[in-house]
Each structure stands twice: as structure tokens, then as C-alpha cells.
Amino acid sequence: MAADSRRGESGSGKSRESRESRESCFGNVGLRSALPPFSPSAPFPRPERGVWGRGVGECFELAWMLVCRWELRTMKRFRWLGCLLLVGLAQVWLVGCGGDGGGSDSGAIKIGFLVKQPEESWFRAEWRYAQEAADEKGFELIKIGAKDAEEVRSQIDSLAVSGAQGFVICTPDVRMGPAIKRLAEQNDLKFMTVDDQLVDAEGAFMTEVPHLGIAAKEIGRQVGKALYVEMQNRGWAVEDTAACVVVFKDLDTARERTDGAMEALIEAGFPVEKVYQAPQKKDETDEAFNATNDLLTNHPEVRNWLVCGMNDLTVIGAVRAFSSKGIGKDRVIAIGINGTDVQDELGKDNAFFGSMLLQPRLHGYDTVSMVYDWIQSGVAPKADTRTTAILITRDNYEQELKRQGLWRE
């Protein structure tokens, strides 16, 4: 018993000596005040100042193990290694994670570009021009398709984990505005919107978030004016003509485009009672086909039609509905918006007359450049930037698409 007692006292003494030695180690390197109360069995609390900080935190944990957890009676030589590692990591972490919470030089900048319909040629063109900016300026572009609210949330979190500092987004639901802003702030990500502007809980535009989009209503008015001019060029009588406007009221940008088209037609002298709306439930070609088909069934008396909608795919769906009823290009003038989906259509002999060609280069190249400059300089982009369009028809579409880099050989 006495021997056991002496061994216990001896072990206790060695334990105290080992602990004092370890504490002295931290005191010598000046980290003791920065660390939690000493406990060899306690986990080291990792730094949580951004994704980069968390990675360094894992290295801190390794150093903590070397200093505090290792069996020091047989591995004493690793104690000083751990102390030196802690000193170096502390300096790196404080410098690297200080300031804006995730700043890095231009070579390490990552910017995400989230779009709601990655299969559409418009968004693929935006990505292509955004990649040009990334290649020129030396940052990494992360292209992401996010087709619903859950994907948007998870992808923004993934961007943060990957070390991104910002993103550009065209969301599938503009009502996600407050949620997107909150996620960006929580992850210290700078962001701006493109194409579709976010709205708050009351449905008001979130003007505090930088946005680049088209002058939607003005471009819609261009469509309406072009339809009326072409109707006159063909010598159609107003009494024989009606307008089919395929509308999608759930999206502000879409509503502004079609509202502008209807306003311009009416202002030009087209009778308001002959402007018929065909509501589509989703932003899809098939939905536009179904909506137009229903309208045609209800108005068999109309001979000539002026057709427009929120974008090219909508108008293409409407043209197909007319074709299914045996109504061809001699009785239909159809004008879309975007211009990126019409190369095949304008190469056909059908009722698709033309499209308002937007400028995807500005929507892709310029937006990521704005976010890049924001990350670099700390100066936010202009609150609201708008772009315009030009009418392309069979007479000039090849020339204009090639000029914009959108022509497919």
C-alpha cells in the first residue's frame, strides 16, 4: 500500500510537472492569454472567421494535439514543434482572416454565377462572356445552375465553403430576395443580380442590391411599335387583325415587357378591345403553346395576328400553336425578345418575324467585372444599370449574331 501511495504521489508529481511545463511553454511564446483554460483532454476551439479561417483551424488543432494531448513522457521533442506551429499559425490566421473577413489577393478571388435555367442559350452566353472576364482579370469563375429555392440556398452555402468572395445571380424566384441577402451577409459574400431584380416581402424592388437588367418596359414598347409598323407594311386592316400577347404575370420583368408591348400598340392606334392576353403558367415553350392554343380556339373569327411575349421561347411556342391550326406566316407577325434562341427559327420559313436582340456580353462580362472590382476596391457597383436591344429579322440576324459572338456554325 505504501509503495502504491508513493507511486501515486510520484505520478501526480510528474503530472503536475508535465502540466506546468506545458503551461510554461505557452507563456514563453505569448499565446497563453489567447487560448482557453488549459485542459489536455479538451478540444481546441477552431477559428470561425470565414472558410479560410476554418481550414487554418484544423492546423491549430494538430498543433494543440502535439503540445497538450501527446504522451509527453515519450514524445517530448514534439512539444516545442507544436509550440512553434501554434505561433506561426496564429500570425498567419490573424493576418489572413483580418480586415474584411476573407480578403485575398486577385489570384485567389472566386466569383459564382448562378442562373435559373442553365440549359437556355441566353444564360450560356452570359456564362461565356463572364468566363472571358475571368480569364482577362485572373479570377476563378464558378458556374452554377440553380432551378429552385432550395438549390439557390445550398449553392450559396457551397460558394462560401469553396472560398468564394462574391456572386452574380439570376434567381428562379425573385421573392427570395430577403433570404438571398441574408445568406450572402452571413457568409460575407458580395453579390449583385442580373436580368431579374429581387423583391422584398412586400413585393417592392430591393434597390439596395446592385442590379443589371434590361430596360424591360422600353424593350417591350419597341416590340409593340415594330409589330404595328410591320402590320402597316403588309397593308393589313385593323378590323381584320388582333394581338395575341402571351403573358407571365408571376415575374416582374416579364410583365413589364408585355405591358410595354401592349401600351405601344394601343398608343399607335391599335384598338384596346382587340388586344387579347394568353396567360401561361410557367416560363416554358409548351406552356406558351397551350395558352395560345386556348386563345385561338376562343377567337376563330380573327384573320390576322400580331404575336408577342416575354421572350423568344414564349413566342416560338405561340408560333407553333398557330402552325398547328393551319395559320402560317402570311397571317402572323411574331416578334420575340432575347435574340439568342432564334438562329434556327429565322432560318425556317415560318411566322417568326424577328426578335429584340439583347446584349448578353453586358449581362455576363460586365456583372462579374463589377463584383470583381467591388471585392478588390470595396466600392459597390452602381445600384441600377439598364441595357437596350435592337430588332433582328431575316435580313440582318446573321450579321448581328456574329457581331455579338452568338452565331453557331
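What to note about this one:
- Residues in region 238-250 that are touching a residue at least 24 places away in the same chain (Cβ under 8 Å) and surrounded by fewer than 17 Cβ atoms within 10 Å (Cβ to Cβ): 238, 240, 249.
- For region 361-368, the condition of being aromatic (Phe, Trp, Tyr), modelled with pLDDT of 95 or more and under 15 Å from residue 126 (Cα atoms) holds for at least one residue.
- Per the listing 254, 278, 261, the residue uniquely in a helix (DSSP H, G or I) and in contact with a strand residue (DSSP E or B) (Cβ under 6 Å, 6 or more places away or on another chain) is 261.
- In summary, residue 354 fulfils each of the numbered conditions (1) of a type outside the set (A, V, I, L, M); (2) outside the structural domain of residue 192 (by the TED database); (3) surrounded by fewer than 24 Cβ atoms within 10 Å (Cβ to Cβ) with the single exception of condition (3).
- Residue within region 268-275 that is under 34 Å from the mean Cα position of the chain (by Cα) and either surrounded by 15 or more Cβ atoms within 10 Å (Cβ to Cβ) or under 21 Å from residue 173 (Cβ atoms) (or both) present: no
- Candidate set: region 304-339, residues that are β-branched (Val, Ile, Thr) and over 17 Å from residue 222 (Cβ atoms); chosen: the one surrounded by the most Cβ atoms within 10 Å (Cβ to Cβ): 319
- Among the residues of region 297-333, those identified as touching a residue at least 40 places away in the same chain (Cβ under 8 Å) and in a helix (DSSP H, G or I) are 312, 313, 314, 315, 317, 318.
- Tally, over region 186-216, of residues that are of a type outside the set (A, V, I, L, M, F, W, C), over 15 Å from residue 111 (Cα atoms) and out of contact with any Asp or Glu (no Cβ under 6 Å at 6 or more places or on another chain): 10
- Flag for residue 376 being among the polar types (S, T, N, Q), assigned by the TED database to the domain that holds residue 141 and within 26 Å of the chain's Cα centre (by Cα): yes
- Just one of (1) farther than 27 Å from residue 373 by Cα; (2) free of Cβ contacts under 8 Å to residues at least 40 places away in the same chain fails for residue 184. It is (1).
- Here the helices (runs of 4 or more DSSP H) wholly within region 334-409 that include at least 2 residues being among the aliphatic types (A, V, I, L, M) and within 19 Å of residue 132 (Cα to Cα) are 367-377.
- Taking (1) outside any loop (DSSP other than H, G, I, E, B); (2) in contact (Cβ under 8 Å) with a residue 40 or more places away in the chain; (3) under 21 Å from residue 159 (Cα atoms) in turn, residue 179 satisfies each apart from (2).
- All positions within region 199-251 that are in a loop (DSSP other than H, G, I, E, B) and over 30 Å from residue 178 (Cα atoms): 234, 235, 236, 237
The values are calculated or read from the model by the stated rules, or taken from the named source; none is laboratory data. Keep in mind it's a predicted model, so treat the numbers as computed, not measured. Because the Cβ atoms are built from the backbone with ideal geometry, glycine has one as well, and the counts that use them run over all protein chains shown.
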